Amino acid sequence: MKHFVLLLTLLASPLYAGDIMVDDAFAIATPPKLGFVGVNVTIPHKEHILSIADLVSDRAAVMGSANTLIFRADGKVHADNTDGYGFMQNLRQGAPDWDPKAGPAAVMGAGGAARAVISSLIDAGCSEIRLSNRTKSRAEGLRQEFGTKVEVVDWVQAGNMLDGAITVVNASSLGMTGASEMRVPLDALHRSAVVTDLVYTPLETPLLAHAKSIGCQTVDGLGMLLHQAVPGFERWFGLRPDVDDDLREVVLR
Ligand code: NAP
């Protein structure tokens, strides 16, 4: 039952505007009237939704975006961001011996997901984050925001930043079904690295397939999707779902 409800949450969660142009304030006011206790919010609403919410969690404020809304009994809308939590829980579950403090992290991408990744890596004690993005100014924006622990690497040099990295994260949409191929050279990747990809379609991305082939521990992006849903689900329904193999199996069916 708990898995079924979580699955429904995932499937029915995006703040759906579809092809219908609706005012965001209207879109946010309607679900509580229909009895919804909350929704997940996805691209392109994640940033704008903060300006409409009545209350914003600290982590949503730091990340400048929200992925979870809680419709409170007093009528107030509470916005939270659980992407960083989901990212970290997924890595801790998928690679239990991984230690973010043990060495540099290399992150590809500088969009909303990368912001959550960087913020949570810094919180976890990672002291060097090499960051590369096709549009360099976005990566530089994150460096300004998060400080000197973040070092920006030119996109054409992205392969070099994998050298010596113990945590490697694809936070770009490269490798996703229907998106551009991951063309970053992976020769410098060492098998001691823990490699994770936020992309979960396909489940085994080209990055993860290569990393696995040279002996790296890999963690796919589906776990992050499941883990990020846990705090919202608990607030909405008063139940904390387990993210385990059974749940993965149900979602993958
Ligand atoms: P976003 O804000 O739109 O950022 C997209 C990122 O991908 C940017 O860094 C962008 O670079 C890069 N990119 C896109 N096309 C590219 C190309 N052809 N070459 C090089 N870089 C390219 O999206 P986001 O929210 O950060 O999400 C990024 C990915 O993470 C998506 O695939 C999303 O589905 C996934 N995600 C997964 C989870 C999960 O739970 N597993 C959670 C959140 C996001 P530019 O800045 O140069 O455009």
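The values are calculated or read from the model by the stated rules, or taken from the named source; none is laboratory data. Here the structure is a predicted model, which is why all the values come from computation and not from measurement. Positions of Cβ are backbone-derived with ideal geometry, glycine not excepted, and every protein chain shown enters the neighbour counts. Please note that ligands, DNA and RNA were not included when accessible areas were found on the heavy atoms of the full protein model with its side chains. Shrake-Rupley method; radii C 1.70, N 1.55, O 1.52, S 1.80 Å.
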Are any residues in segment 133-146 more than 22 Å from Leu91 (Cβ to Cβ) and either more than 15 Å from the ligand (Cβ to nearest atom) or polar (S, T, N, Q) (or both), and if so, which ones?
Thr135, Ser137, Gln144
It is to be established whether one or more residues within segment 127-144 are at negative phi and touching a Ser or Thr at 6+ places or on another chain (Cβ under 6 Å).
no
Every residue from segment 46-63 that is within 14 Å of the ligand (Cβ to nearest atom) and either open to solvent by 60 Å² or more (accessible area, probe 1.4 Å) or under 15 Å from Asp23 (Cα atoms) (or both)
Lys46, Glu47, His48, Ile49
Expected single match for farther than 14 Å from Gly109 by Cα and among the β-branched types (Val, Ile, Thr) among Thr196, Thr177 is Thr177
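Is it fair to say Ser120 is surrounded by fewer than 24 Cβ atoms within 10 Å (Cβ to Cβ), part of a helix (DSSP H, G or I) and either within 15 Å of the chain's Cα centre (by Cα) or without any contact (Cβ under 8 Å) to a residue 40 or more places away in the chain (or both)?
Here the answer is yes, as Ser120 does meet what is asked.
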Quick one: Val107 ticks every box in (1) open to solvent by 10 Å² or more (accessible area, probe 1.4 Å); (2) part of a strand (DSSP E or B) except a single one, so which number is it?
(1)
Go through the residues of segment 84-96 one by one and say whether even a single one is surrounded by 15 or more Cβ atoms within 10 Å (Cβ to Cβ), at pLDDT below 95 and within 12 Å of the chain's Cα centre (by Cα).
no
